[in-house]
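Read-outs: derived from the displayed coordinates by stated rules, not from any lab. Because the structure is a prediction, the values reported are computed rather than measured. Please note: Cβ atoms are built from the backbone with ideal geometry, for glycine as well, and neighbour counts cover all protein chains shown.
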């Protein structure tokens, strides 16, 4: 069973980045899923947490979204092979 209950400490951007990175590496999931999992398991509202997401994490989430083709890129129209 998945256990992610954090000690109740004040959530800030540094703590959020550390916890999401840990989930990505531990469970081999993308950053979007890791952030959603963190919010779900610790009882945080996604809209509230979105306000404190650091820019480094935002860029990683954007990269995950592009890989999953959730965002348009300049190469969406071209036929490319996944790397």
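Potential lengthening of the chain between residue 62 and residue 28 amounts to 10.5 nm, from the contour at 0.36 nm per residue minus the alpha-carbon distance. Note on residue 13 and residue 72: with the Förster distance fixed at 41 Å, the Cβ-Cβ geometry gives a FRET efficiency of about 0.90. Once both labels are positioned 7 Å from their Cα atoms along Cα-to-Cβ, the gap between residue 21 and residue 50 label points is 2.5 nm. Each residue in 44, 25, 31 was given a count of other beta-carbon atoms within 10 angstrom of its own, and listing them fewest first yields 25, 44, 31.
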